[in-house]
Amino acid sequence: MFKSKTPKIFASKYATLCYSSAPSIVEATQFSHYLDPRFYLYELIKCKTPNQVKQVHAQITTNGLLKNQIVANKLLYIYCMHKSLDDSYALFCGLSEKNAVSWSVMIGGYAKNGDFINSLRIFRDYLRSGDRPDNYTLPFVIRVCRDTMDLKMGRLIHNVVYKCGLDSDDFVVAALVDMYSKCKVIGDAYQLFDKMPKRDLVTWTVMIGACTECGDPDEALSLFDRMREEGVVPDKVALVNVVNACAKIGAMHKAKVVHEYIARSKFSLDVILGTAMVDMYAKCGSVDVAREVFDGLREKNVITWSAMIGAYGYHGQGRNAIDMFPTMLRSRILPNKITFVSLLYACSHSGLVEEGKRLFNSMQKEYGVKPDIKHFTCMVDLLGRAGKIDESLQLIESMSVAKDEGIWGALLGACRIHGHVELAEKAAKSLIELQPQNPGHYVLLSNIYAKAGKWEDVAKIRELMSHQKLKKIPGWTWIEVDNKIHRFSVGDHTHPRSKEIYEKLNYMLKELEIAGYVPDTNFVLHDVDEELKLGNLFSHSEKLAIAFGLISTPEQSTIRIMKNLRVCGDCHTFCKFVSQVTSRVIVVRDANRFHHFKEGACSCGDYW
Ligand code: ZN
Ligand code: ZN
């Protein structure tokens with residue numbers, strides 16, 4: 001009653017006054033809480049603005065409670081929370097005594113407000129003060145390094161961890177694993193992770209997520225198995241990571257196992273997990289199951305819808321993708337940038353030129369979504385595929401946004417198919433200018449020259465490539481057989497059934513040649529530079545994986561393979577013939593899209 005009428009600061013002063021001038025017993029009990037530290041902790045939590053914090057700060061000072069370390073640290077913390085870092089720092093500097101919590105709050109306060117420089121500066125001061133950081137402070141600083149991706153500083157702090165003897169502390173090591181993972185030094189993260197005597201759910205999730213992110217989804221999935229063997233129950237975040245790993249590797253069987261696990265554990269498919277599952281099934285090659293999951297979801301947001309539209313696009317079912325759009329609008333979901341990328345991608349991969357143009361023209365006018373570089377790229381691709389090279393060049397030239405490698409790549413792809421050597425040269429040169437270290441661009445340009453019979457230029461490009469010592473991107477193809485992932489590289493002889501695989505391959509080649517298959521030597525120089533180096537068209541990883549699929553799966557069953565790079569033209573033709581000769585459906589997921597081979601034809605219409 002008293003508090004509500006009088007501003008707090010006066011109330012406090014009044015309280016002190018009353019108290020010092022011989023209060024009655026009643027008054028004393030009424031005001032004594034102003035001297036109770038817990039009262040201020042509570043008052044601080046209630047503060048909604050920095051000014052309110054200042055008022056409570058004044059009361060605390062007046063009542064001499066700043067000496068109470070818990071109160072002082074709370075005040076520091078609340079200032080940080082309200083982004084009043086100057087006030088926080090002034091208070092921090094004035095503290096007669098600082099403990100580990102005070103240091104941590106200040107370090108974490110700067111970090112959380114994005115001021116990483118000051119955060120690390122305070123940490124340095126902390127080390128200089130002679131105090132030893134504990135398992136409370138260190139994770140804070142390690143997280144700063146994670147958020148700034150400052151690996152160098154991260155390693156220095158790792159040294160401090162050793163010096164402080166905290167290298168087997170669960171919290172600290174978990175933070176280090178997280179930091180190394182985010183900095184993409186998976187090896188270091190894994191080493192620490194493996195040595196941890198006890199790993200909690202968060203650490204497992206971090207490690208699984210890191211493996212998925214860094215291109216080792218296979219490892220992510222085996223970690224998931226190990227985690228469950230050790231009795232750690234995954235939560236939704238962990239499951240989303242696992243589902244994403246399945247999507248990345250395109251492993252249908254694993255996807256089903258994970259789905260069953262989710263169903264058995266009675267996890268409700270919320271919008272995040274549900275959307276990840278839609279994406280997973282689409283990327284594992286089954287757009288129909290993706291649709292089933294999609295239809296079964298109680299809650300769908302714009303990302304869910306975009307994922308489903310994208311799924312149809314990947315599988316070359318552009319019409320289905322476009323048909324979803326009005327249904328989405330009727331469900332009162334407004335499209336965003338991603339939706340339009342999915343739609344335009346679907347149009348371009350299904351040759352729906354008019355529909356694509358209409359969508360592109362309506363996106364800003366009708367839905368307020370400004371086209372960005374990705375949308376322009378889809379349009380260039382769409383027009384280029386349809387042979388409207390001039391129109392796509394016009395579009396590129398009219399763009400106000402900066403051109404990136406994606407858009408030149410789209411134009412180049414179109415030029416290559418339609419045999420525009422000069423424009424292709426221009427596009428390839430722009431690409432090389434933008435990304436001089438990407439070997440793929442050089443290979444593309446040299447392919448164009450080769451196709452046009454410009455052998456001198458081919459030689460020049462090759463020389464340029466060896467001169468630049470370009471980093472090779474290894475090509476891999478995966479196939480899942482009997483719940484196991486088998487991985488092949490070009491000319492691979494490491495598989496236990498290698499002998500049979502090569503025998504089958506040789507036998508197949510003879511059969512295919514009778515059916516009319518002519519190896520395409522144009523692809524001696526194809527996108528996959530490592531395969532190019534070995535120059536062995538017949539042992540491309542795709543062919544090895546398919547041969548293995550043929551000998552290890554039942555007749556008539558679908559063969560699904562995944563390639564990390566783009567499938568080469570010769571392997572594409574090879575797949576068509578295999579599907580014809582063996583009456584098998586072959587589903588190939590490459591870096592760009594899905595190819596469904598059936599009875600000698602591919603769903604991509606030979607344009608990819
Ligand atoms: Zn190939
Ligand atoms: Zn295809």
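The values are calculated or read from the model by the stated rules, or taken from the named source; none is laboratory data. The shown structure was predicted, so the numbers you read here are calculated from the model rather than taken from an experiment. We place every Cβ from the backbone using ideal geometry, glycine too, and count neighbours over all the protein chains shown.
Only residues that are hydrophobic (A, V, I, L, M, F, W, C) and not in a helix (DSSP H, G or I): list them for the stretch 318-374, please.
Result: 333, 334, 352, 369.
Confirm whether residue 448 is surrounded by 21 or more Cβ atoms within 10 Å (Cβ to Cβ), more than 30 Å from residue 586 (Cα to Cα), at pLDDT below 85 and in contact with a helix residue (DSSP H, G or I) (Cβ under 9 Å, 6 or more places away or on another chain).
no
Are there any pairs with C-beta distances below 8 angstrom linking a residue in the stretch 42-65 that is touching a residue at least 24 places away in the same chain (Cβ under 8 Å) to a residue that is among the basic types (Lys, Arg) and not in a loop (DSSP other than H, G, I, E, B), with the two at least 6 apart or on different chains, and if so which?
Note: pairs meeting the criteria are 43/8; 44/74; 55/8; 56/8; 59/8; 62/13.
Cβ contacts < 6 Å: first residue in contact (Cβ under 8 Å) with a residue 40 or more places away in the chain, restricted to the stretch 251-268; second residue surrounded by fewer than 16 Cβ atoms within 10 Å (Cβ to Cβ), any location; separation 6+ or different chain. Result?
253/483
Inspect all residues belonging to the stretch 188-210 and state whether any of them is buried (at least 23 other Cβ atoms within 10 Å of the Cβ), touching a Gly at 6+ places or on another chain (Cβ under 8 Å) and modelled with pLDDT of 90 or more.
For the stretch 188-210, residues buried (at least 23 other Cβ atoms within 10 Å of the Cβ), touching a Gly at 6+ places or on another chain (Cβ under 8 Å) and modelled with pLDDT of 90 or more: absent.
Could we say that residue 417 is in contact with a helix residue (DSSP H, G or I) (Cβ under 7 Å, 6 or more places away or on another chain) and either in contact (Cβ under 8 Å) with a residue 40 or more places away in the chain or part of a helix (DSSP H, G or I) (or both) here?
Spelling it out, it is not the case that residue 417 is in contact with a helix residue (DSSP H, G or I) (Cβ under 7 Å, 6 or more places away or on another chain) and either in contact (Cβ under 8 Å) with a residue 40 or more places away in the chain or part of a helix (DSSP H, G or I) (or both).
Are any residues in the stretch 222-268 outside any helix (DSSP H, G or I) and surrounded by fewer than 20 Cβ atoms within 10 Å (Cβ to Cβ), and if so, which ones?
Across the stretch 222-268, the qualifying residues are 230, 231, 232, 233, 235, 265, 266, 267, 268.
Could you tell me which of the residues 177, 161 is aliphatic (A, V, I, L, M) and closer than 22 Å to residue 126 by Cα?
The conditions single out 161.
Those residues that are within 10 Å of ligand 2 (Cβ to nearest atom), basic (Lys, Arg) and without any contact (Cβ under 8 Å) to a residue 60 or more places away in the chain, I need them from the stretch 568-608; list them, please.
576
A quick yes/no check of all residues on (1) among the basic types (Lys, Arg); (2) in contact (Cβ under 8 Å) with a residue 12 or more places away in the chain; (3) not in a strand (DSSP E or B):
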{"residue": "442", "(1), (2), (3)": "no, yes, yes"}
{"residue": "445", "(1), (2), (3)": "no, yes, yes"}
{"residue": "448", "(1), (2), (3)": "no, yes, yes"}
{"residue": "453", "(1), (2), (3)": "no, no, yes"}
{"residue": "460", "(1), (2), (3)": "yes, no, yes"}
{"residue": "465", "(1), (2), (3)": "no, yes, yes"}
{"residue": "474", "(1), (2), (3)": "no, yes, yes"}
{"residue": "480", "(1), (2), (3)": "no, yes, no"}
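Hey, does the stretch 379-393 have a residue that's farther than 16 Å from residue 414 by Cα and either buried (at least 22 other Cβ atoms within 10 Å of the Cβ) or under 24 Å from the mean Cα position of the chain (by Cα) (or both)?
No - not one qualifying residue is present in the stretch 379-393.
In the stretch 473-495, what residues are exposed (fewer than 13 other Cβ atoms within 10 Å of the Cβ) and modelled with pLDDT under 90?
Of everything in the stretch 473-495, those that are exposed (fewer than 13 other Cβ atoms within 10 Å of the Cβ) and modelled with pLDDT under 90 turn out to be 482, 483, 484.
Filter the stretch 194-221 for residues that are in a helix (DSSP H, G or I) and acidic (Asp, Glu); which is farthest from residue 274 (Cα to Cα)?
Checking each candidate, the answer is 194.
Name the single residue, out of those in the stretch 149-171 being part of a loop (DSSP other than H, G, I, E, B) and over 25 Å from the mean Cα position of the chain (by Cα), that is modelled with the lowest pLDDT.
My answer is 168.
When you go through 246, 214 one by one, which is the residue that is of a type outside the set (A, V, I, L, M) and closer than 19 Å to residue 483 by Cβ?
The match here is 246.
Here's the yes/no breakdown for (1) under 31 Å from the mean Cα position of the chain (by Cα); (2) surrounded by fewer than 23 Cβ atoms within 10 Å (Cβ to Cβ); (3) in a helix (DSSP H, G or I); (4) within 15 Å of ligand 1 (Cβ to nearest atom):
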{"position": "562", "(1), (2), (3), (4)": "yes, no, no, yes"}
{"position": "566", "(1), (2), (3), (4)": "yes, yes, no, yes"}
{"position": "572", "(1), (2), (3), (4)": "yes, yes, yes, yes"}
{"position": "575", "(1), (2), (3), (4)": "yes, no, yes, yes"}
{"position": "580", "(1), (2), (3), (4)": "no, yes, yes, no"}
{"position": "588", "(1), (2), (3), (4)": "yes, no, no, yes"}
{"position": "591", "(1), (2), (3), (4)": "yes, yes, no, yes"}
{"position": "595", "(1), (2), (3), (4)": "yes, no, no, yes"}
{"position": "605", "(1), (2), (3), (4)": "yes, yes, no, no"}
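So, in the stretch 54-89, how many residues would count as being over 16 Å from residue 114 (Cα atoms) and assigned to a helix (DSSP H, G or I)?
Looking only at that region, the number is 22.
Which condition does residue 262 not pass, out of (1) within 17 Å of the chain's Cα centre (by Cα); (2) on the phi < 0 side of the Ramachandran plot, if it passes all the others?
Exception for residue 262: condition (1).
Give the stretch 519-560 a look and list any residue that's at pLDDT below 90, in a helix (DSSP H, G or I) and within 16 Å of ligand 2 (Cβ to nearest atom), or say none.
523
For the stretch 100-107, check the following and say yes or no: at least one residue is buried (at least 21 other Cβ atoms within 10 Å of the Cβ) and of a type in the set (Val, Ile, Thr).
yes
Residue by residue through the stretch 172-187, note down the ones that are out of contact with any Gly (no Cβ under 7 Å at 6 or more places or on another chain) and outside any helix (DSSP H, G or I).
Scanning the stretch 172-187 gives 184, 185.
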